[in-house]
Amino acid sequence: MRSAHRCVTALAAVLTYLAPLVNDAVAQTAAPGGRRTFDRVRAVVGDRVILESTIRRELAAQTAQAGHELSTQEKRRAEDEIIRALAREEIWVQIGKIIGRDDPLAFERQVDSLVQDYMDEQQERFGSFARMNEELGALGTSWQSLRSEQRQRILRDTARSFAIGQRFRD
């Protein structure tokens, strides 16, 4: 629990330090003492945090998909489901990291290679890195986010494959 607290404290310090660099697109709210809050930690899973902004983004997507404004109770229920789903995904990512501990360097090289293959495929699909970056920007994301999400997918899928393999061995 202490390490989770340290992680959250470190994240808060980094966010506070970077606050002046963050552009106006980030939601800012006044907090007591004149400080600004840029985001809040809603859950901690292993060494990762689930941020309020992530939950809001997922909730906005669900609201748009529903085609109507959700009631307060529906929003609360949807937020709970979102947190559980994100936590499950993070748990799989954590398991994927644990699997790689036997030979961490080889595992990292393998994951990095798979991520790079994916990024090369995406760049080829768009025709150039600049075009890919432009299209991702129009979608409100970046190549760094795409790379990070793919890395998490690979870790999650590795963990699931390992768990299935273990189940059949037993």
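Quick note: the coordinates plus some simple rules give every number you see, no bench work behind them. Nothing here was measured: the structure is a model prediction, and the numbers come from that model. Because the Cβ atoms are built from the backbone with ideal geometry, glycine has one as well, and the counts that use them run over all protein chains shown.
Can you give me the long-range amide H partners of V45? Hydrogens built in the peptide plane at 1.01 Å from N, cutoff under 5 Å, separation of 5 or more residues or another chain.
Residues meeting the amide H criterion: I50.
Rounded to a whole number of µm²/s, how large is the Stokes-Einstein D of the stretch 28-118 at 37 °C and 0.692 mPa s, given Rh as the Kirkwood radius over C-alpha pairs? Provide the component values of the computation, followed by the final result.
Numbers: Rh = 16.0 Å.
The estimated diffusion coefficient comes to 206 µm²/s.
So which GluC sites (Glu not before Pro) in the stretch 56-99 pass both tests, a DSSP loop state and at most 16 other Cβ atoms within 10 Å of the Cβ?
E69
Quick one: 3J(HN,Hα) in Hz for the stretch 111-127, Karplus 6.51/-1.76/1.60 with θ = phi - 60°, rounded, Gly and Pro as x.
3J(HN,Hα) across the stretch 111-127, in whole Hz: 5, 4, 5, 5, 5, 5, 4, 4, 5, 5, 4, 5, 4, 5, 4, 7, x.
Between A43 and L114, what is the spin-label point distance in nm, taking each point 7 Å from the Cα along the Cα→C-beta axis?
Taking the two extended label points, one gets 2.3 nm.
Estimate the FRET efficiency between T141 and R101 by the formula 1/(1 + (r/R0)^6), using the beta-carbon distance for r and 30 Å for R0, to the nearest 0.05.
On the way: r = 30 Å, r/R0 = 1.01.
Using R0 = 30 Å, I get an efficiency of 0.50.
Let me check I've understood the local charge: for E149, count other residues with C-beta under 11 angstrom from its C-beta, Lys and Arg +1, Asp and Glu -1. What total comes out? Write out the running numbers ahead of the final one.
Working: positive: R147, R151, R153, R156; negative: E89.
Here the charged neighbours net out to +3.
Under the 0.36 nm per residue contour assumption, what length would be gained going from the current alpha-carbon distance of D157 and L70 to full extension? Please report the intermediate quantities before stating the final value.
Working: separation 87, 0.36 × 87 = 31.32 nm, distance 3.25 nm.
Extra length from D157 to L70 when fully extended: 28.1 nm.
Is the shape of the stretch 72-170 best called rounded, prolate or oblate, per the rule: a/c under 1.5 gives rounded, else a/b larger than b/c gives prolate, else oblate, with a ≥ b ≥ c the square roots of the Cα gyration tensor eigenvalues?
Taking the square roots of the gyration eigenvalues as a ≥ b ≥ c, the stretch 72-170 is oblate.
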